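Only one structure is covered here, and it is reproduced in the block below.
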Amino acid sequence: MRYSLKFPALLFILLTGCISMPATSAPTNTAENITFRNTIVSLTFDDGDADNYSVRSILAENKIHATFYIVSGFTNSNGYMSDDQLRDLYNDGNEIGGHTLSHVKLSEVRGEELKREVCQDRSNLAAYGFEVTSFAYPFGHYDEEARRVVMDCGYGNARGVSDGPEALPPVNVHGLRAMPYIVSDTRLPKMIRYVTEVENNGGGWAIFVFHHVCDGCDQYAIKPGVFNKFAQWLGEQQSNGLNVKTVGEVMKEGDQ
Ligand SMILES: [Zn+2]
């Protein structure tokens, strides 16, 4: 009897609480009416997969740039972009960043090997003619030694793969936090929601991590059609105040 009295009362409080909420809180922006004030989006591609080259024209058409983190030991080999293709992307205004020599987990290599993986990769990319300031940890794995080596090799920033959105200015520039992985069944509305939620929560930096761009070739792949629509939406939202920049651009502006 005691419970049967208490529960309806609790239910009443919960219901009335819910009903009165929209009237007392600020209206939530939807994708249709949103004005962006404090949100930056960065599109990042890991590994230098050959199919990444297909987004070049999509980025250019929508007047946005991306960051491509390259495993220089794989460049020019089967399944990966060539240095000429990287140069095309770079000359369009996209950023080329480092992602180690052979895509090792940096927490599993030490000393000289760790240094070689990070520093030699950066030297290789610099030798192709790129100004390389951004790094991404393979698999998002790093520890204090790895972070130190990345800094000592001359990288101004380094990206992980989780815990985003990042704050502006970032809390730890050598441990930049990224949005959840985009995988083959991530849908366009969800990607758009990631961005609008950042703005609705006061702003920040939404760093997206992509791998393959293809129709079902890999679990960590975005379909070209979905990427095309997302890029189009991002391009359009720039006139609503949204900033779409490479990681290097965001970090450079933070220095000023
Ligand atoms: Zn990777």
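What follows draws every value from the coordinates through simple rules; no lab data is involved. No experiment lies behind these values; they were computed from the predicted model shown. Cβ atoms come from the backbone with ideal geometry, glycine included; neighbour counts cover every protein chain shown.
Rounded to the nearest 20 debye, the dipole magnitude of the chain is 1080 debye, with +1 charges on Lys and Arg beta carbons, -1 on Asp and Glu beta carbons, and the Cα centre as origin.
Out of all DSSP beta bridges in the stretch 39-255, what portion is antiparallel? Express it as a percent rounded to 5. Once the DSSP bridges in the stretch 39-255 are tallied, antiparallel ones form about 5 percent.
Springs join every pair of Cα atoms under 10 Å in this Gaussian network model of the chain, and among V132, V195, V244 the largest mean-square fluctuation is at V132.
The order of the peptides 207-219, 36-48 by mean Cβ neighbours within 10 Å, most packed first, is 36-48, 207-219.
Computed over Cα pairs, the Kirkwood radius of the chain leads via Stokes-Einstein (1.002 mPa s, 20 °C) to a diffusion coefficient of 110 µm² per second. Long hydrophobic helices in the chain: the complete DSSP H runs spanning 24 Å or more by Cα along their own axis with mean Kyte-Doolittle hydropathy of at least -0.5 are 2-24. Taking a straight Cα-Cα cut-off under 17 Å and skipping sequence neighbours fewer than 8 places away in the same chain, no lysines fall within cross-link reach of K252.
The stretch 209-256 and the stretch 126-160 have Cα centres separated by 21 Å.
If amide hydrogens are placed 1.01 Å from N in the peptide plane, which non-local residues have theirs closer than 5 Å to the one on G48? Under 5 Å from the amide H of G48 lie the amide H atoms of Y69, V71, each far enough along the sequence or on another chain. Residues whose amide H lies under 5 Å from that of I207, counting only those 5 or more places away or on a different chain, are S42, E166, M179; hydrogens are built 1.01 Å from N in the peptide plane.
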